[in-house]
């Protein structure tokens, strides 16, 4: 029985942002002025321990919103051209209920944060996403994921923002925030939760120029 996985924060990861009220206010950052956004990303992949890698060709971010205060918001993610390799053959992957056989739809909420090293980042809490590859088995992907904001820099102004989610093996390169550890898991029906990690980059386009304030 072939096991599958996928999110994407992602971006979206790409991508994929969301309200977490227990976070320490001293580590919050905010983006002023902007209220809505969309976005796009290139190819990305999600891996889980003991599972085949799922690769998607592109990411679309839709219906992104930034709450009053500029620290939290929500968004929807569509990972397109998703597939995995099964015994040397390409098998398409999609979320349950998706009209397309190779699109993984997800979404959730985000919180803009500052990491211990001073880097601006985003903590994304995704809705549970159920992925099917080749119609064989369902895999539930859930959890929270941290991505760095590579542009703009702190105290700089822009109408775009680039989020980068990187991994080493089955874990994200950034997992810690205010002493807590965050990550994704993938659970195939009948199996146990396995650590999972996303690799993708997403560029968001806001409705107005905003300043990323990290102090």
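The values are calculated or read from the model by the stated rules, or taken from the named source; none is laboratory data. Everything quoted here is computed from the prediction, not taken from an experiment. Cβ placement follows ideal geometry from the backbone for every residue including glycine, while neighbour counts extend to all protein chains displayed.
A few remarks follow.
- Counted residues, the stretch 133-189 - those being touching a helix residue (DSSP H, G or I) at 6+ places or on another chain (Cβ under 9 Å) and either in a strand (DSSP E or B) or on the phi < 0 side of the Ramachandran plot (or both): 1
- Failed condition for residue 201, given (1) farther than 19 Å from residue 113 by Cβ; (2) surrounded by 15 or more Cβ atoms within 10 Å (Cβ to Cβ): (1)
- Test: residue in the stretch 99-108 that is at pLDDT below 95, surrounded by fewer than 21 Cβ atoms within 10 Å (Cβ to Cβ) and within 12 Å of the chain's Cα centre (by Cα): no
- Boolean, residue 79 is assigned to a strand (DSSP E or B) and more than 15 Å from the chain's Cα centre (by Cα): no
- Filter result (part of a strand (DSSP E or B) and either farther than 14 Å from residue 77 by Cα or out of contact with any strand residue (DSSP E or B) (no Cβ under 8 Å at 6 or more places or on another chain) (or both)) within the stretch 100-120: 111, 112, 113, 114, 120
- Residues that are outside any strand (DSSP E or B) and either touching a helix residue (DSSP H, G or I) at 6+ places or on another chain (Cβ under 8 Å) or within 15 Å of residue 140 (Cα to Cα) (or both) within the stretch 83-97 comprise 96, 97, listed in sequence order.
- Meets criteria (farther than 21 Å from residue 85 by Cα and surrounded by fewer than 17 Cβ atoms within 10 Å (Cβ to Cβ)) for residue 169: no
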